[in-house]
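All of the numbers you see were taken from the coordinates with simple rules; none came from a lab. As the structure is a computational prediction, the values presented were derived from the model and not from experiment. Methodologically, a virtual Cβ is constructed for each residue, glycine included, from the backbone with ideal geometry; neighbour enumeration extends over all protein chains shown.
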Amino acid sequence: MSLSSSSAESVAPAGEAGGRGRQLARLIRLPNLLMMALCLLLVRACLLLPHASWPQVLAPGFGLLVLAAICIGAAGYIINDYYDVKIDAINRPGRLVVGRAVNRRHAMLAHLLLSGVGVVASGLLSPLLGLVNLGSALLLWGYSVRFKRVALVGNVSIATLTGALVLLPELQLQTGSGAVWGYALAAFLLTVVREIVKDVEDMRGDAQHDCHTLPIVWGVPRTKWVAGFFLACLVLLVAGAAHNALASHQTGLGLWLLALVLGPLLVLAYHLRRADRRQHFARLSAWCKGVMLAGVLSMLWLV
């Protein structure tokens, strides 16, 4: 009797700790941070240093760059949730962390600490990287406080940060690679599309808290046209890249772009045109993340 009681007492804290760990991972969007790290690694290994050994690719300076980027990203997710407690209580009540599992004051302290570590770590690498990450941290703060509530401004802000992430390894090495700029532009365009789609998905909560996002200001039909414009630009960019890859006998890359990036983008365009319910736009947002992963993995064909 006493043994079973003791076991129950020992299991409960472990279960509670596991649940808290899952909440923290949700707060900082751990899968997204892992995607960021993978993107940085592939940009450096496949686009900038395709013939380097792994010890050269995984140099300490690059590790510090990844740490800085992840800290800035995690801080951005935390401050966004900090200011969106009321909106998320309507749009995503099951995923609310700040104010429920994490104290608001602790969340703010974590944001400031992570932002500081990210800026200082990148500043140790170079003044340019320090300024870029400082600007990123400030832009994430501005996005959370104000920009996300302004039509298209918030969408472009996050897309700019996504493109800047792709460019970080190039800013560190300064190789003059043109391919990395193409990937950065593709990341920018796809992120704009996804952010606009998410705004449509979140209309109900945004409208109740004085947000002026694109679907609230222009309506859903016009918003879909705006998203379609950026999507069309991305389709042209990917189609051009696939054509160039095939013309230069990079068959693997060309076929990958056609089958796993361009094809899904066309499917996305088809479903975007027909979408008219919240769950439709939620699926489109998830589809965008899948396309982005396929685009990141396409770098493997450039080695």
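Which one of Ile196, Gln172, Ile28 is farthest out on the positive end of the charge dipole of the chain, using unit charges on Cβ (Lys, Arg +1; Asp, Glu -1) and the Cα centre as origin?
Going by the Cα projections, it comes out as Ile196.
Using a Cα-Cα cut-off of under 24 Å, which lysines could be cross-linked to Lys86, ignoring same-chain neighbours fewer than 8 residues away?
Answer for Lys86, where 24 Å is the Cα cut-off: Lys148, Lys198, listed by chain and number.
Let me know the charge dipole size of the chain about its Cα centre in debye, to the nearest 20, where only the beta-carbon of Lys, Arg (+1) and Asp, Glu (-1) is charged. Kindly include the intermediate steps, with their values, before the conclusion.
Numbers: 25 positive and 13 negative charges, 134 e Å.
Magnitude of the dipole: close to 640 debye.
Which listed residue (Trp256, Leu284, Phe229) has the Cα farthest towards the positive end of the charge dipole for the range 20-302, taking +1 on Lys and Arg C-beta and -1 on Asp and Glu C-beta about the Cα centre?
Result: Leu284.
I need the Kirkwood Rh of the range 147-235: take the reciprocal of the average 1/r across all distinct C-alpha pairs and report it in angstrom. The partial results should precede the final answer.
On the way: mean 1/r = 0.0727 Å⁻¹.
13.8 Å is the Kirkwood radius here.
Go ahead and estimate [θ] at 222 nm for the chain from helices alone: -39,500 (n - 2.57) per DSSP H run with n ≥ 4, summed, over the residue count, rounded to 500. Don't skip to the answer; put the middle values down first.
Values: 15 runs with 235 residues, N = 303.
Helices in the chain give a 222 nm mean residue ellipticity of -25500 deg cm²/dmol.
Could you calculate the contour length gain from Ser126 to Trp225, that is, 0.36 nm times the residue separation minus the distance between their Cα atoms, to one decimal place in nm? The partial results should precede the final answer.
Values: separation 99, 0.36 × 99 = 35.64 nm, distance 4.13 nm.
This chain segment gains 31.5 nm when fully extended.
Where does the range 148-303 land on Rg(C-alpha)/(2.2 N^0.38 Å)? Walk me through the numbers on the way to the answer.
Details: Rg = 16.4 Å, N = 156, 2.2 N^0.38 = 15.0 Å.
Dividing the Cα Rg of the range 148-303 by 2.2 N^0.38 Å gives 1.09.
Mind checking which of Ala107, Ala242, Val217 is farthest towards the positive end of the chain's charge dipole, using Cβ charges of +1 (Lys, Arg) and -1 (Asp, Glu) about the Cα centre?
So the residue furthest toward the plus end is Val217.
Spin-label point model (7 Å from Cα, Cβ direction): what's the Arg20 to Val267 distance in nm?
4.2
Straight-line reach from Lys289: which aspartates and glutamates have Cα under 16 Å away, leaving out those fewer than 8 places along the same chain?
Counting by Cα, and skipping residues close in sequence, Lys289 has these aspartates and glutamates nearby: Glu195, Asp199, Glu201.
Mean 1/r over all different Cα pairs, inverted: what Kirkwood radius does the range 20-302 give, in Å? Write out the running numbers ahead of the final one.
Values: mean 1/r = 0.0510 Å⁻¹.
With all distinct Cα pairs of the range 20-302 included, I get 19.6 Å.
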